[in-house]
Every structure is written in structure tokens, then in C-alpha cells.
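The values are calculated or read from the model by the stated rules, or taken from the named source; none is laboratory data. It should be emphasised that the depicted structure is a prediction, and the values quoted were computed from it without experimental measurement. Quick reminder, even Gly has a Cβ in these numbers, built from the backbone with ideal geometry, and neighbours come from all protein chains shown.
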Amino acid sequence: MPFKVNTIISTLLFRTLSGVALLLVAIVFTGQFAHAQNSSSDDSLFRIEFEKERLLRPCGPGCAPREASNECSDAPNLKTALKLIPNQPSFEMDDVWFEYLPDHGEILEVEAKATWSLWRQPVGMYWLKVKINRGFETLDVVSKSLEISECDCDCVVDCAGITVEAKYPEVQKDDVAVFRIVQREIFSSSDKIEWAVENGEIVSGSGRRILKVRATGPPGSQLRVMAVLTKDAAECRSESELTLPIIERIEK
């Protein structure tokens with residue numbers, strides 16, 4: 001009986017000590033994690049300061065910042081200068097070096113003053129962690145977050161009109177006429193072109209700027225061509241049409 005009691009007491013004591021040990025490990029780990037995440041903690045050796053606490057993505061094509069003073073970037077290479085400042089002015093900097101660990105982007109200069117580039121990164125929160133080392137020893141770890149937001153932009157929908165032109169003013173029956181779309185602005189790869197033809201059949205060029213059409217109507221009728229350009233980015237639609245008289249075929 002005494003042996004059984006001793007066994008139970010030993011088991012309970014072992015479980016209690018194991019629980020205490022796990023609790024101490026959790027407290028230490030939590031403290032280290034919080035220390036690493038809080039760059040402005042009083043007991044940190046250094047603090048991180050960004051030149052810009054928030055970066056703004058540039059406006060898209062046809063758009064401009066609503067306010068000239070809101071510091072919208074004119075390039076997708078978003079970046080900010082940063083520096084590490086000792087919390088104790090008397091801190092000895094001999095043999096101290098910094099290891100920059102950004103969660104995205106890259107550090108362009110590795111010194112006490114550096115530049116954090118977040119090239120083409122989307123909107124969101126980003127973290128920079130820095131290890132402060134002396135020789136092979138890590139003295140401290142500090143971190144700080146930075147936000148990327150969209151610029152407040154005004155966009156003007158420029159739905160420039162199109163014009164359909166033909167190479168010649170008339171077309172012989174069963175001959176091929178060439179039409180093309182002329183636009184005041186540069187064509188985009190996302191532009192959608194549709195053609196409609198009357199008294200003719202398309203030979204080539206469906207969905208393209210240049211269209212070749214065979215005149216199938218009788219002499220005296222009109223070869224009618226209509227083009228529709230849809231710009232998805234600007235949500236606009238432009239139309240143009242042109243008619244050519246169909247004449248008797250001249251045999252050579």
C-alpha cells in the first residue's frame with residue numbers, strides 16, 4: 001500500500017513540475033517575441049525610424065492625384081529611407097553591424113541609414129526586422145511595420161473617337177477593299193475591335209485594326225463597313241462607318 005501511495009505522489013509531482021517548466025518556457029518565448037515585435041520598447045537598444053510611415057501607390061493611366069500634396073509616387077518602385085537610432089546616446093558602436101530582414105522587398109543600402117524598396121508591392125502592411133549584432137553576438141532584435149495604400153486619384157475617361165478609312169474611294173465587284181481604323185490615341189492590347197460588313201465578306205483582319213473585305217454586292221450598291229472599338233480600361237465605346245460605291249468590274 002505505501003508503495004502505491006508513493007507512486008501516485010511521484011506521478012503528481014512530476015506532472016506539476018512539467019507544467020511549471022512549460023509555463024516558464026511560454027513566458028520566456030512570449031517575452032522574446034513581444035520584444036522583437038516592439039521596436040520602440042524602452043529596453044530596446046535601438047529603434048527604427050522611417051522617412052515615410054506610409055507609401056502610396058501611383059495613379060493609373062489617365063489618372064492624376066486628387067491633391068498635389070498627398071505624396072503619391074510617380075513610379076511603382078515604392079521606397080523609403082530608414083535609420084536605426086540608439087535609445088541610449090552613449091551606446092558604444094564599435095564592431096556593431098545590422099542585419100536587415102524585410103518580409104518583402106529589399107534593402108538597397110546596408111548601413112545605419114538604409115533604403116527599403118517595396119518594388120511593385122500591393123496594398124497592405126509590411127514588416128522590417130533588424131538584428132543588432134556585435135561581432136558574432138546578437139545584442140537585440142527590433143521591428144517596425146509600414147503601410148502601402150492606394151493614392152487618392154481622379155481619373156478622366158478619354159474615349160477618343162475613331163475613324164475608318166479606305167485605301168481607295170471605290171471598289172470593283174469581287175475585288176478586295178482595304179479598310180483601317182485611325183485613332184487619336186495609342187492602341188492598347190486590351191482594346192477590343194469588332195467589324196460589321198454589308199454587301200461584302202471579310203477576307204482577313206477580324207478583330208484587328210486593318211480589315212480586308214471582298215465586295216460581293218451588285219454594281220451600283222454600297223459596300224458598307226462599320227468598326228466598333230471598346231476600351232475596357234476606360235469603359236467606353238467608339239464607332240465609325242464608311243461606305244464605298246461598288247462599280248462594274250473592269251476586265252484587263
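Things worth noting here:
- Index of the failed condition, residue 189 passing every other in (1) at pLDDT below 90; (2) in a strand (DSSP E or B): (2)
Conditions tested, residue by residue: (1) modelled with pLDDT under 95; (2) within 14 Å of residue 179 (Cα to Cα); (3) out of contact with any helix residue (DSSP H, G or I) (no Cβ under 9 Å at 6 or more places or on another chain); (4) basic (Lys, Arg).
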| site | (1), (2), (3), (4) |
| --- | --- |
| 197 | no, yes, yes, no |
| 205 | yes, yes, yes, no |
| 208 | yes, yes, yes, yes |
| 217 | yes, no, yes, no |
| 223 | no, yes, yes, no |
| 227 | yes, yes, yes, no |
| 230 | yes, no, yes, no |
| 236 | yes, no, yes, no |
| 251 | yes, no, yes, no |
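- The C-beta contact set for segment 114-135 (first residue under 18 Å from residue 94 (Cα atoms), second residue surrounded by 16 or more Cβ atoms within 10 Å (Cβ to Cβ) and at pLDDT 90 or above, distance under 6 angstrom, 6+ apart or interchain) comprises 130/98; 130/100; 130/142; 131/141; 132/45; 132/46; 132/140; 134/96.
- Residue that is surrounded by the fewest Cβ atoms within 10 Å (Cβ to Cβ), among those in segment 111-122 that are modelled with pLDDT of 90 or more and under 12 Å from residue 146 (Cβ atoms): 117
Here is a yes/no grid of residues against (1) modelled with pLDDT of 80 or more; (2) within 30 Å of residue 155 (Cα to Cα); (3) part of a loop (DSSP other than H, G, I, E, B):
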| residue | (1), (2), (3) |
| --- | --- |
| 60 | no, yes, yes |
| 67 | no, yes, yes |
| 82 | yes, no, no |
| 90 | yes, no, yes |
| 94 | yes, no, yes |
| 97 | yes, no, no |
| 100 | yes, no, no |
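- Residue check for residue 155: within 23 Å of the chain's Cα centre (by Cα) and closer than 30 Å to residue 241 by Cβ: yes
- Residues within segment 102-111 that are within 24 Å of the chain's Cα centre (by Cα) and part of a loop (DSSP other than H, G, I, E, B), tallied: 5
- Those residues of segment 83-110 which are of a type in the set (Phe, Trp, Tyr) and either touching a Pro at 6+ places or on another chain (Cβ under 7 Å) or closer than 21 Å to residue 148 by Cα (or both), in sequence order: 100
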